[in-house]
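Just below is one structure, and these are the notes that go with it.
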Amino acid sequence: MKEKLEQLLAEGKARIEAVRTEPELQEVKALLLGKQGTLTGLLKELPKLDVSLRPEMGKAVNQAKAQLTELLDTRRNELKMKASEVDPDFDISVPGILPPNGGLHPITQMCYDLNDAFRSMGFEIFEETDLTSELYGFDNLNFPPNHPARESMDTYWLEGHDKGECWDKLCRRPLLTGGSVRYMQTHKPPYRFVYPGKVYRNETTDARHERAFFQYEALIVDKDFTFASGKVMIKSILSKVFGRDVPVRMRAGFFPFVEPGFEIDMGCLVCGGKGCSVCKHVGWIEVMPGGTPHPNVLRAAGLDPDEYTGFYVNIGLDRLVMMRYGVDDVRLFHSADLRFLEQFH
Ligand SMILES: [Zn+2]
């Protein structure tokens with residue numbers, strides 16, 4: 001039996017040495033030390049031995065078992081070390097396969113850029129829900145009762161009334177400006193804030209119009225704020241966002257919630273001023289109506305128009321993005337077409 005054990009030990013050592021992979025090692029382990037293993041078989045033969053020989057043989061078999069177990073562990077560690085080594089044939093300069101990942105929508109990117117620009121000038125960011133009511137969408141903003149924008153041809157009216165007021169109809173936000181009144185009613189002046197968001201118009205879509213689009217409004221209200229300061233602010237914001245000087249012109253414009261009102265046009269960057277479908281072939285594009293808040297709007301917000309004045313600008317976010325990238329159809333931004341959107345990563 002002693003010779004048998006020595007032979008088994010020598011064979012076992014050689015097998016462990018020859019192993020090349022982890023599964024092979026498991027196989028050898030089972031062969032030697034498993035339930036049907038050779039060494040286990042030897043242990044089972046012990047009771048057949050003469051009683052005087054049993055202790056010595058038992059010790060020898062257990063020693064052999066310990067020795068083989070240690071060898072198996074050592075070999076396993078060696079194999080692990082080898083597996084983590086770089087194969088000399090592996091070319092680390094070959095580009096890997098990139099997992100597909102998303103990016104921010106170009107309108108979101110523009111919104112964030114504007115947030116940064118306005119924040120750097122001390123503005124707060126205010127968000128309101130997409131649902132509003134006739135009171136905040138029109139009445140507070142000095143829209144006369146018979147104004148055509150209130151018609152269902154322009155505005156999406158919903159069933160139900162705001163906070164149970166039977167006269168205050170709910171609608172999808174037709175413009176952001178109502179949110180400014182909500183903000184002013186709940187904060188103390190002076191104000192400097194922006195309120196970006198989506199607005200809804202019930203209209204036919206074309207290259208410049210969509211049923212839902214993003215706007216970005218900013219409002220300053222203070223006891224003493226001049227029109228000239230507002231103009232400087234717009235210049236700084238546009239140059240920050242576009243990273244260069246952009247041709248800009250201001251002209252008088254009418255909006256119920258401002259007095260006086262203006263319209264800011266940017267030189268069309270899609271065609272460089274020559275004329276294209278985006279700028280209706282005039283070389284300029286309206287990007288920013290605005291003006292001084294109308295006294296009725298300030299009253300609705302709980303302020304005295306003799307004491308306070310201010311400056312509104314309403315930035316057409318979609319149009320600004322069209323200018324940034326030279327995109328000539330606003331509908332592409334809402335098309336969810338990845339071939340289009342992936343260009344802006
Ligand atoms: Zn153009």
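Remarks
A quick yes/no check of all residues on (1) open to solvent by 30 Å² or more (accessible area, probe 1.4 Å); (2) more than 24 Å from Pro260 (Cβ to Cβ):
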| site | (1), (2) |
| --- | --- |
| Ser152 | yes, yes |
| Leu158 | yes, yes |
| His161 | yes, yes |
| Pro174 | no, no |
| Thr177 | no, no |
| Thr205 | yes, yes |
| Phe214 | yes, yes |
| Val221 | no, no |
| Ala228 | yes, no |
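- Cβ-Cβ under 6 Å pairs, at least 6 apart or on other chains, segment 249-274 side more than 17 Å from Thr226 (Cα to Cα), far side assigned to a loop (DSSP other than H, G, I, E, B) and within 10 Å of the ligand (Cβ to nearest atom): Gly267/Gly273; Cys268/Cys279; Cys268/Gly283; Val270/Cys276; Val270/Val278; Val270/Gly326; Val270/Asp328; Gly273/Gly283
- Restricting attention to segment 320-345, the residues that are under 23 Å from Tyr195 (Cβ atoms), within 16 Å of the ligand (Cβ to nearest atom) and open to solvent by less than 20 Å² (accessible area, probe 1.4 Å) add up to 5.
- Against the criterion of being aromatic (Phe, Trp, Tyr), within 16 Å of the ligand (Cβ to nearest atom) and under 32 Å from the mean Cα position of the chain (by Cα), Tyr312 does not qualify.
- Conditions (1) farther than 20 Å from Ile107 by Cβ; (2) exposed (fewer than 15 other Cβ atoms within 10 Å of the Cβ); number of the one not met by Gly243: (1)
- In summary, strands (runs of 3 or more DSSP E) completely within segment 247-307 and bearing 3 or more residues that are surrounded by 16 or more Cβ atoms within 10 Å (Cβ to Cβ) and within 16 Å of the ligand (Cβ to nearest atom) occur at 258-267, 284-293.
- The residues on offer are Arg15, Arg75, Arg54, and the sole one that is of a type in the set (Lys, Arg) and over 60 Å from the mean Cα position of the chain (by Cα) is Arg54.
- Against the criterion of being touching a Cys at 6+ places or on another chain (Cβ under 9 Å) and more than 16 Å from the ligand (Cβ to nearest atom), Leu317 qualifies.
The values are calculated or read from the model by the stated rules, or taken from the named source; none is laboratory data. Given the structure is predicted, the values throughout are model-derived calculations rather than measurements. Neighbour counts run over all protein chains shown; Cβ positions are idealised from the backbone, glycine included. For accessibility, only protein heavy atoms count, side chains too; no ligands or nucleic acids. Shrake-Rupley method; radii C 1.70, N 1.55, O 1.52, S 1.80 Å.
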